[in-house]
1. Between the stretch 132-146 and the stretch 148-215, how many Å separate their Cα centres?
2. Could you work out how far helix 237-251 tilts from the main Cα principal axis of the chain, as a 0 to 90 degree angle to the nearest 10?
3. Which whole-number percentage describes the relative contact order of the stretch 191-267, with Cα contacts under 8 Å and a sequence gap of 6 or more?
4. Measure up K41/K274; K56/K277; K149/K277; K4/K78; K97/K255; K97/K277 against 20 Å on the Cα-Cα distance and list the ones that go over.
5. Mind sorting out which of (i) 15.8; (ii) 15.1; (iii) 14.2 is the real mean projected area of the Cα convex hull in nm² computed from the coordinates?
6. With an 8 Å Cα cut-off and a minimum separation of 6 or more residues, compute the relative contact order for the stretch 14-90 in percent.
7. Once Rh is set to the Kirkwood radius over Cα pairs, what Stokes-Einstein translational diffusion coefficient, in µm²/s, holds for the stretch 1-85 at a temperature of 25 °C and a viscosity of 0.890 mPa s?
8. Dividing the alpha-carbon radius of gyration of the stretch 111-177 by 2.2 N^0.38 Å (N being the number of residues), what value is obtained?
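Bear in mind these aren't lab numbers, they're just calculated from the coordinates by the rules spelled out. These numbers were taken from a predicted model, which means no experiment stands behind them. Here the Cβ positions follow ideal geometry from the backbone for every residue, glycine too, while neighbour counts run over all protein chains shown.
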Amino acid sequence: MEIKRIGVAGFGLMGGGIAQVAAQAGYQVNVLEASDVFIEKGYAALDANLAKSVHKGKMSQADADGLRNRVIGTTSVKDLSGCDVVIEAIIENLDIKRKLFAELDALCPPHTLFASNTSSLQIIEIATATKRADRFVGMHFFNPVPVMKLVEVISTIQSSPEAARIATELATAMGKTAIQAKDRAGFVVNLLLVPYLLDAIRAFESGLATREDIDTGMVLGCGHPMGPLTLLDMIGLDTIYSITGIMFDEFKDPKYAAPPLLKQMVKAGFYGRKSGKGFYDYR
């Protein structure tokens, strides 16, 4: 299947990043958002990313302008009907995702491949909202999308080998390395990463060490690029809290249960970098 146009649902941090790497790979990209305000915010973030790339000499101004012109924002789901692939990157809510894909299923031609960027929900639960579960996979990108090289391609018990192949080839065309995973909550990375991050919160919560020493220990002792508490702030504590709920419901394993401190911080609005305060203060 020749892919010419890619639809991206969501122009936030993840959706905007996916749109950027898709356009950089030469594809025409239609990005769906709920309002013009969110589209403007998405464009502002994209323009800032492109300006940085030009400033650092990673991209010419002409290439940046060409990339920008290939990204078209829209508030109408109908504008995704002509896309060969649609990648969803909206709020981590099963009902909302299912509703969106049911709408898309009625609009898009039979050849269109559907993919969800969910980080923790089971793909099959989303796919069954459509009549094309065989052409439905997970494509889990990592934040920040333009920088991180990995994409997890997730196949359900109904995904066809062709669907997985198309998604893998698309990820490669976007400059990513794809790994294959079964449709299980957390997939590969979060299945291993989330318990580590939660243990770091528990260590800090129990008074084992300061936040700085916990982070420094993992950076210098294990060679990690950043400590777990810094990473949590970057991912978003609200995002991690949502993921823990999904994974604990799936496995009923205490290692996926949110520590009390995480719940308290999320309820207080301390989400990390996005809110200005998390384990560290960014204000």
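1. So the separation of the two Cα centres works out to 12 Å.
2. Approximately 90 degrees, to the nearest ten.
3. Taking the mean separation of contacting Cα pairs over the length of the stretch 191-267, I get 32 percent.
4. Check vs 20 Å cut-off fails for K56/K277; K149/K277; K97/K255; K97/K277.
5. Calculated mean projected area of the Cα convex hull in nm²: the matching label is (ii).
6. Relative contact order of the stretch 14-90: 47 percent.
7. Estimated via Stokes-Einstein, D reaches 192 µm²/s.
8. 1.06
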